[in-house]
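Asker: Attaching a single structure in structure tokens format; questions to follow.
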Amino acid sequence: MNKFKLLFKIKKTVSVEFSILADTFYKMESTRKRLELTQYLVELFEKTPQEVISKIVYLLQGKLRPDFEGVELGVAEKLAIRAISKSSGIPIKKIEDEYRKGGDLGHAATVILEQKTQTTFLVEDITVERVYETLFKIAKLEGNRSQDMKMKYISSLLNDASPLEASFILKLLLGTLRLGIAENTVMDALAIAFSGNKENRKILEHAYNVSSDLGKVAEVLASEGLEGVKEFKIILFNPIRPMLADRVKSEQEAIEKMGSEFAAEYKLDGERVQLHIEGDKVVLFSRSLENISSYYPDIIEKIPKTIQAENIILEAEAVAINENTGEFLPFQELMHRRRKYKIEKAVTQYPITVNLFDVLYCNGKSCLELDYKERRKKMEKVVKENDFVKHIPMTIVKNENDIEDFFENSINAGSEGLMLKILDSPYQAGSRGSHWLKLKREYQNELGDSLDLVVIGGFFGKGRRTGNYGTLLLATYEEDEDTFTSICKVGTGFSDEDLDQLYQILNPKVTIKKNPRIDSEMESDVWFEPELVIEVVASEITLSPIHKAARDKIRKGAGLALRFPKFTGKMRIEKMAEDASTNEEVITLYQGQKKVAHDKSLM
Ligand code: ATP
């Protein structure tokens, strides 16, 4: 830090120097080892006063608030570059050149600010609180003058920041901070720092699963200890992390895993919705815990009349229907509701039904500990069915025949297959396991399953596709590295309408430079922020010298690629990029496919 800065710093009361956080970020960026990452976090948490811990936990995850509050930073690269120029006096062109040379904009800023020509003498402390509050103000800005105000806030921070601090402020602003830590690592470190025992993570996990707010869990832990965390209860209008299912390939496999008697429900092909209801107040959350209330004004209006309880949290699949026949329509029909304006028109044009499959909370009490049978009974008791709200079709099955019959019925009704559920299982929030299994109709592809892939690049279309992206470059998620590894290009399966829609969605995600989390040797015409997930099927998985998915895992120097990939028509808008198919899953499919080939050769 420069001498003048030290001399003229204005001291404030309780605060944590942002440099402490920046140093930790710096150290964390240089390792992928979970133990080391955990240790850096433990050291950081031990130095953190309880007033600031929630902010630090959010910032570590590149957030300002829990996801469900929808506070998004969204500062564009161009604006950040202008702000760096303003605060350093260095021309925009020079900053852009530095940025193109390598690294990311945060890194470029470090290099640039080392050469800073303007000196500020009287500076205000850069504390975690100040950075957090300023980022928060930026996130809340809207309207015409918001760009100018954002510039002002950003350059005021950069003015007072050291080059290293500036680099991390920018990474936070641009959403490019990647420390390679999953929530589990943060919870491990919190457990060690505040209780001396990593095993206590389980207590934190439970609190996190019911509140979806890791910052709050950390705050309660720091102020009230583990006893406080144990008291965590479901809060109406704060989403609960959803229970997820394992997949099975056959009725026989399901019986092997579930035993002699279990529930089978239709697996409808819509959007998972968590409904929080009290009187006329209704808030809806998606599978990734985003607030999606604005897309479903019909649910908000109609659901309260069906509820015979003071308050309740339900889970349902919202499914588009053909109003005349009542038939279920595929998921993509719901895409029409993903709009900010004229939503009323979409509601009448694309009607839905709400198909309830679980109750998580009722009359002020958690239902998570109740077993499946009791929850289903309660749900049927307190929610009256009508044309709009239904209980998802369910039956108890005892053998393969029962499952097959119900499976047939479900497919004929337009569903994707079945969800199979153990009768005496509680609701395991936030976890995937074999208490719920999904048995899907086989897709028309030899792999036996579809893949959810992240769109990372685009190629401009020719002929009829001019003006759109004709082909997309797709990636899997590499969990260990927290990167997106290229797996194929896809150019088939798109209708003209799909291409238009994709262009609308993808265009705002175009970046000047490839996001550092993208791992691809293949070049594309444009790079996108890795955010959109789409579903594809393929005929085969093959070894590839170019693609980076599962590189070196099967054979040294080779990755895996999809042969004849095809878009299924489904944009998985409810999924985050980190929910996409992982390399581990692709390896399992690759090995399964080899086994089938081997078995066939023996026949
Ligand atoms: P994940 O298993 O991670 O959710 P996914 O979205 O690819 O991944 P799917 O194969 O679509 O998983 O199956 C799970 C989803 O099925 C649920 O998230 C929910 O949206 C939907 N679903 C449909 N019917 C039911 C049901 N009866 N019970 C539970 N979920 C159902």
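The values are calculated or read from the model by the stated rules, or taken from the named source; none is laboratory data. Remember, it's a predicted structure, so these values are computed and weren't measured experimentally. No Cβ is skipped: glycine too gets one built from the backbone with ideal geometry, and neighbour counts run over all protein chains shown. Please note that ligands, DNA and RNA were not included when accessible areas were found on the heavy atoms of the full protein model with its side chains. Shrake-Rupley method; radii C 1.70, N 1.55, O 1.52, S 1.80 Å.
Asker: Amide H of Arg572: which non-local residues (sequence gap of 5 or more, or other chain) have their own amide H closer than 5 Å, using H built in the peptide plane?
Answerer: Amide H neighbours of Arg572: Val533, Ile534, Glu535.
Asker: Quick one: length gained pulling Ser260 to Gln147 fully straight, 0.36 nm per residue minus the C-alpha distance? Walk me through the numbers before you get to the answer.
Answerer: Working: separation 113, 0.36 × 113 = 40.68 nm, distance 6.21 nm.
Taking Ser260 through Gln147 to full extension adds about 34.5 nm, to one decimal.
Asker: Taking 0.36 nm per residue of separation and subtracting the Cα-Cα distance, what length does fully extending Ile546 through Gln115 add?
Answerer: Value of the extension gain: 151.3 nm.
Asker: Related question: Which one, Phe68, Thr395, Ile352, projects farthest toward the positive side of the charge dipole computed for the chain from Cβ point charges (K/R +1, D/E -1)?
Answerer: Final value for the positive-end residue is Phe68.
Asker: Further question on the same structure: Let me spell out the model: positive unit charges on the Cβ of Lys and Arg, negative unit charges on the Cβ of Asp and Glu, origin at the Cα centre of the chain. What dipole size does that give, in debye rounded to 20?
Answerer: With Lys and Arg at +1 and Asp and Glu at -1, about 1920 debye.
Asker: Peptides 41-54, 398-411: what's the order by average Cβ count within 10 Å, highest mean first?
Answerer: Numbers: 41-54: 18.2, 398-411: 15.7.
Taking the mean over residues of other Cβ atoms within 10 Å, the ranking is 41-54, 398-411.
Asker: With every protein chain kept in place and ligands, DNA and RNA left out, what is the accessible area per residue of the chain? Probe 1.4 Å, answer in Å².
Answerer: 46 Å²
Asker: Just how far, in whole angstrom, is region 333-353 from region 224-266 if you go by their alpha carbon centroids?
Answerer: Taking the Cα centre of each part, region 224-266 and region 333-353 sit 30 Å apart.
Asker: Report the charge-dipole magnitude of region 451-600 in Debye, nearest 20, computed about the Cα centre from +1 at each Lys and Arg Cβ and -1 at each Asp and Glu Cβ.
Answerer: Dipole about the Cα centre, nearest 20: 700 debye.
Asker: What's the center-to-center distance, using Cα atoms, between region 555-584 and region 34-97 in Å?
Answerer: Spelled out, the Cα-based centre of one part sits 29 Å from the other.
Asker: In addition: If amide hydrogens are placed 1.01 Å from N in the peptide plane, which non-local residues have theirs closer than 5 Å to the one on Ile456?
Answerer: Sorted by chain and number, the residues that satisfy this are Leu473, Leu474, Ala475.
Asker: So, one more: Given a Förster distance of 35 angstrom, what is the FRET efficiency for Asp496 paired with Asp405, based on the Cβ-Cβ distance and rounded to 0.05? All intermediate terms of the calculation are to be shown ahead of the outcome.
Answerer: Working: r = 40 Å, r/R0 = 1.14.
After rounding to 0.05, the efficiency reads 0.30.
Asker: Mind running the shape call on region 8-174? Use the C-alpha gyration tensor, a ≥ b ≥ c as the square roots of the eigenvalues: rounded below 1.5 for a/c, prolate if a/b tops b/c, oblate otherwise.
Answerer: It is rounded, given that a/c, with a ≥ b ≥ c, falls under 1.5.
Asker: Return the sequence-ordered ³J(HN,Hα) values of region 281-288 in whole Hz as given by the Karplus equation 6.51 cos²θ - 1.76 cosθ + 1.60 applied to θ = phi - 60°, using x for Gly and Pro.
Answerer: Result, ordered by residue: 7, 10, 10, 10, 10, 7, 4, 8 Hz.
Asker: Sticking with this structure for a sec: With the full set of protein chains in place, find how many percent of the accessible area of the chain is carbon and sulfur; take the probe as 1.4 Å.
Answerer: On the way: 13400 of 27720 Å².
Its accessible area is 48 percent carbon and sulfur atoms.
Asker: Going by Cα centres, region 180-209 and region 503-522 are how many Å apart?
Answerer: A separation of 33 Å, based on Cα centres.
Asker: Let me ask something else about it. Considering amide H positions built from the backbone, and no H for Pro or chain starts, which residues 5 or more places from Glu540, or on another chain, come under 5 Å of its amide H?
Answerer: Arg563
Asker: Testing the spin-label approximation: label points 7 Å from Cα along Cα→Cβ at Lys78 and Ser30. State their distance in nm.
Answerer: Computed distance between label sites Lys78 and Ser30 equals 3.7 nm.
Asker: Further question: Give me a comma-separated list of calculated 3J(HN,Hα) values for region 165-182, in order, Karplus coefficients 6.51, -1.76, 1.60 applied at θ = phi - 60°, integers in Hz, x for any Gly or Pro.
Answerer: After applying 6.51 cos²θ - 1.76 cosθ + 1.60, I find 4, 4, 4, 7, 4, 5, 4, 5, 5, 8, x, 10, 6, 10, 9, x, 10, 8 Hz.
Asker: Within the set Lys202/Lys257; Lys257/Lys398; Lys514/Lys548; Lys63/Lys171, which residue pairs have Cα atoms separated by over 18 Å?
Answerer: On the way: Lys202/Lys257 25 Å; Lys257/Lys398 13 Å; Lys514/Lys548 15 Å; Lys63/Lys171 11 Å.
Listed pairs above 18 Å: Lys202/Lys257.
Asker: Next up: Pairs Lys27/Lys140; Lys27/Lys137; Lys345/Lys509; Lys27/Lys513; Lys230/Lys440: which are spaced more than 32 Å apart, C-alpha to C-alpha?
Answerer: Lys230/Lys440
Asker: A follow-up question, please. For a Förster distance of 45 Å, can you work out the FRET efficiency between the beta-carbons of Lys202 and Lys384, rounded to the nearest 0.05? Spell out each step's value before the answer.
Answerer: Working: r = 38 Å, r/R0 = 0.85.
Computed FRET efficiency for Lys202 and Lys384 comes out at 0.70.
Asker: Here is a follow-up. Specify which residue in the list Val526, Leu437, Leu420 is farthest towards the positive end of the charge dipole of the chain, using unit charges on the beta carbon of Lys, Arg (+1) and Asp, Glu (-1), about the Cα centre.
Answerer: It is Val526.
Asker: Something else: Rank Tyr503, Ile277, Asn159 by how far each Cα sits towards the positive end of the charge dipole of the chain (+1 on Lys, Arg Cβ; -1 on Asp, Glu Cβ) and give me just the farthest.
Answerer: With unit charges placed on the Cβ atoms, the residue in question is Asn159.
Asker: Step through the residues of region 356-365 one at a time and calculate ³J(HN,Hα) from phi using the Karplus curve (6.51 cos²θ - 1.76 cosθ + 1.60, θ = phi - 60°), rounding each to whole Hz and writing x for Gly and Pro.
Answerer: Values per residue, Gly and Pro as x: 7, 10, 7, 10, 10, 6, 8, 6, x, 10 Hz.
Asker: For a quick protection proxy, order the peptides 263-273, 139-149 by their average other-Cβ count within 10 Å, most packed first. Walk me through the numbers on the way to the answer.
Answerer: On the way: 263-273: 23.1, 139-149: 11.3.
Highest-to-lowest ranking by the protection proxy: 263-273, 139-149.
Asker: Grab the beta carbon distance between Lys101 and Asn507, set R0 = 22 Å, and tell me the FRET efficiency rounded to 0.05.
Answerer: Approximately 0.25, to the nearest 0.05.
Asker: Additional query: For the chain, what does -39500 (n - 2.57) per DSSP helix run (n ≥ 4), summed and divided by total residues, give at 222 nm, in deg cm²/dmol to the nearest 500?
Answerer: -12000 deg cm²/dmol
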